[in-house]
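Novice: Here it is, the structure in full.
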Amino acid sequence: MTTTKKKILITGAAGFIGFSLANYFLKKNYNVYGIDNFDQYYSVKLKKIRLQRLKKFSKFKFIKLDLNDNKNLKLFLKKKKFNYVYHMAAQAGVRHSLENPLKYINTNVLAFFNLLNLLKKKVIDHIYYASSSSVYGDSNNFPIKENEFLNPKNIYGLSKKLNEKIAEFFNRVYDYNITGLRFFTVYGEWGRPDMFIMKLLKANENKLFFNLNNKGNHFRDFTYINDVLKIIDKLTKINQKGHNIYNICSNSPINLKYLIAFKNLFKNLKLVYRPKINIEVLKTHGDNALIKKTTNYKKFTPINIGFLNTFNWYKKNNINKIS
């Protein structure tokens with residue numbers, strides 16, 4: 001594959017995974033177009049700093065655009081040709097889905113449908129979209145395989161399940177080549193401020209009270225961002241046909257209490273124990289055998305290395321002041 005001739009579109013380019021993916025591909029000399037609407041769910045300042053880093057690359061083009069803005073999205077797509085589309089834009093956050101469930105339908109479901117519908121007349125080699133481990137809900141069949149029954153516990157998980165059904169429809173009716181990526185708690189440098197690890201770092205830095213639901217008795221299959229990027233790159237080179245879905249996970253769940261006690265780094269934390277929230281899943285543990293077999297990517301970053309990298313990055317870049 002001659003990467004200098006390939007053009008890709010990344011939605012949610014100022015978000016955590018979208019930015020990281022754009023940065024990764026730009027370093028490989030791809031032509032990258034980015035879309036983002038700078039939603040205010042979390043720090044717009046952080047998103048703009050991410051974007052400024054991408055704008056240092058001459059092969060990066062950006063447009064501020066909402067995927068539900070049908071008129072302008074149609075105009076943008078009409079003028080561009082893409083080999084690959086990576087749909088990473090979404091309204092994230094399980095707890096926030098209790099406060100504003102309609103936003104998850106509009107941003108995650110309707111926007112995704114709108115994008116795919118407008119891509120019908122274009123020749124695209126492959127479309128990749130972000131799904132989530134939240135589609136599984138609570139399960140006792142660990143590690144969870146891709147063929148597990150989907151039973152989301154919250155609107156966020158439901159919106160991702162609907163994304164997969166929409167993708168399945170477009171593959172069946174319009175012959176899209178499309179791949180769903182069920183991300184399991186992706187973390188790392190430039191991560192989302194609303195996620196557990198980033199909130200933990202901020203609370204420690206500011207000597208704040210840190211709310212710990214269910215006394216920290218949750219297990220999460222943390223997946224380092226660098227592993228995610230390499231896996232997506234390998235999938236792109238394989239360029240499969242049809243509609244495929246993969247767990248993107250380390251297959252190594254960690255108790256949240258382990259992170260809090262990690263190397264005695266968090267000396268300034270003031271823990272506040274809270275009861276379990278019903279919409280939260282107690283444990284995520286994905287089976288990554290299929291993605292390992294498909295891509296031959298087998299060396300996942302251990303949590304102690306990825307977490308320490310994230311901790312050092314946070315301190316070095318003074319993220320505390322911008323997130």
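The values are calculated or read from the model by the stated rules, or taken from the named source; none is laboratory data. A quick note: this is a predicted structure, and the numbers were derived from the prediction, not measured. Neighbour counts are summed over all protein chains in view; Cβ atoms, including those assigned to glycine, are modelled from backbone coordinates with ideal geometry.
Novice: Taking segment 74-91, which residues are of a type in the set (A, V, I, L, M), within 17 Å of Lys121 (Cβ to Cβ) and not in a helix (DSSP H, G or I)?
Specialist: If the condition is that a residue be of a type in the set (A, V, I, L, M), within 17 Å of Lys121 (Cβ to Cβ) and not in a helix (DSSP H, G or I), then Val85 is the only one that fits.
Novice: On the basis of being more than 23 Å from Val32 (Cα to Cα), under 17 Å from the mean Cα position of the chain (by Cα), at pLDDT 95 or above and not aromatic (Phe, Trp, Tyr), does Ser159 make the cut?
Specialist: Criteria met by Ser159.
Novice: In contact with a Gly (Cβ under 7 Å, 6 or more places away or on another chain), buried (at least 18 other Cβ atoms within 10 Å of the Cβ) and hydrophobic (A, V, I, L, M, F, W, C): does that describe Ile127?
Specialist: Here the answer is no, as Ile127 does not meet what is asked.
Novice: If we scan segment 187-205, do we find a residue that is touching a helix residue (DSSP H, G or I) at 6+ places or on another chain (Cβ under 8 Å), of a type in the set (Ser, Thr, Tyr), in contact (Cβ under 8 Å) with a residue 24 or more places away in the chain and over 18 Å from Lys315 (Cα atoms)?
Specialist: Among the residues of segment 187-205, not one is touching a helix residue (DSSP H, G or I) at 6+ places or on another chain (Cβ under 8 Å), of a type in the set (Ser, Thr, Tyr), in contact (Cβ under 8 Å) with a residue 24 or more places away in the chain and over 18 Å from Lys315 (Cα atoms), which makes the answer no.
Matching residues to (1) within 13 Å of the chain's Cα centre (by Cα); (2) closer than 19 Å to Ser134 by Cβ:
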position	(1), (2)
Thr185	yes, yes
Gly191	yes, yes
Met195	yes, yes
Lys199	no, yes
Lys202	no, no
Asn206	no, no
His218	no, yes
Thr223	yes, yes
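Novice: Identify all residues within segment 168-192 that are more than 21 Å from Asn239 (Cβ to Cβ) and part of a loop (DSSP other than H, G, I, E, B); write none if there are none.
Specialist: Matches in segment 168-192: Phe184, Thr185, Gly188, Glu189, Trp190, Gly191, Arg192.
Novice: Looking at segment 254-265, is at least one residue over 26 Å from Lys230 (Cα atoms), of a type in the set (Lys, Arg) and touching a Gly at 6+ places or on another chain (Cβ under 8 Å)?
Specialist: yes
Novice: Can I ask one more? For segment 151-179, how many residues meet the condition of being within 19 Å of Leu118 (Cβ to Cβ) and not polar (S, T, N, Q)?
Specialist: 13
Novice: Given the criterion more than 26 Å from Glu148 (Cβ to Cβ) and of a type outside the set (Ser, Thr, Tyr), identify the matching residue among Lys267, Lys298.
Specialist: Lys267
Novice: Next question. Listed residues Ile232, Ile238, Ile166, Ile225; which is touching a Gly at 6+ places or on another chain (Cβ under 8 Å), of a type in the set (Val, Ile, Thr) and either farther than 30 Å from Gln52 by Cβ or touching a residue at least 40 places away in the same chain (Cβ under 8 Å) (or both)?
Specialist: One residue alone meets the criteria, Ile225.
Novice: Let me ask you something else. Can you say whether Ile10 is outside any helix (DSSP H, G or I) and within 16 Å of the chain's Cα centre (by Cα), as far as the supplied structure shows?
Specialist: Numbers: outside any helix (DSSP H, G or I): yes; within 16 Å of the chain's Cα centre (by Cα): yes.
Yes.
Novice: Counting only residues that are among the polar types (S, T, N, Q) and in contact with a Leu (Cβ under 7 Å, 6 or more places away or on another chain), which one in segment 86-143 is farthest from Cys249 (Cα to Cα)?
Specialist: So in segment 86-143, the residues among the polar types (S, T, N, Q) come out as 91, 97, 100, 106-108, 114, 117, 131-134, 139-141.
After this cut, where a residue has to be in contact with a Leu (Cβ under 7 Å, 6 or more places away or on another chain) as well, the list is 114, 131.
Working: Asn114: 28, Ser131: 12 Å.
In this case the residue turns out to be Asn114.
Novice: List the residue pairs whose Cβ atoms are under 8 Å apart, where the first residue sits in segment 16-31 and is touching a residue at least 40 places away in the same chain (Cβ under 8 Å) and closer than 18 Å to Thr223 by Cβ, the second is among the polar types (S, T, N, Q) and buried (at least 24 other Cβ atoms within 10 Å of the Cβ), and the two are 6 or more positions apart or on different chains.
Specialist: From residues that are touching a residue at least 40 places away in the same chain (Cβ under 8 Å) and closer than 18 Å to Thr223 by Cβ, the pairs are Gly18/Thr11.
Novice: Let me ask something additional. Are there any pairs, at least 6 apart or on different chains, whose C-beta atoms fall under 8 Å, with the first in segment 255-283 and under 11 Å from Lys215 (Cβ atoms) and touching a residue at least 24 places away in the same chain (Cβ under 8 Å) and the second among the small types (Gly, Ala, Ser) and assigned to a helix (DSSP H, G or I), and if so, which?
Specialist: Qualifying pairs under 8 Å: Asn255/Gly216; Leu256/Gly216; Lys257/Gly216; Ile260/Gly216.
Novice: OK, next. Any residue that is more than 23 Å from Val32 (Cα to Cα) and either surrounded by 15 or more Cβ atoms within 10 Å (Cβ to Cβ) or without any contact (Cβ under 8 Å) to a residue 12 or more places away in the chain (or both) - is there at least one of those in segment 76-88? Talk me through it step by step, then tell me what you get.
Specialist: Step one: of segment 76-88, the residues more than 23 Å from Val32 (Cα to Cα) are none.
Taking every residue of segment 76-88 in turn, none turns out to be more than 23 Å from Val32 (Cα to Cα) and either surrounded by 15 or more Cβ atoms within 10 Å (Cβ to Cβ) or without any contact (Cβ under 8 Å) to a residue 12 or more places away in the chain (or both).
Novice: Identify the residue in segment 92-128 that is over 29 Å from Lys237 (Cα atoms) and assigned to a loop (DSSP other than H, G, I, E, B) and, among all such residues, is nearest to the chain's Cα centre (by Cα).
Specialist: So, considering only residues that are over 29 Å from Lys237 (Cα atoms) and assigned to a loop (DSSP other than H, G, I, E, B), the one nearest to the chain's Cα centre (by Cα) is Gly93.
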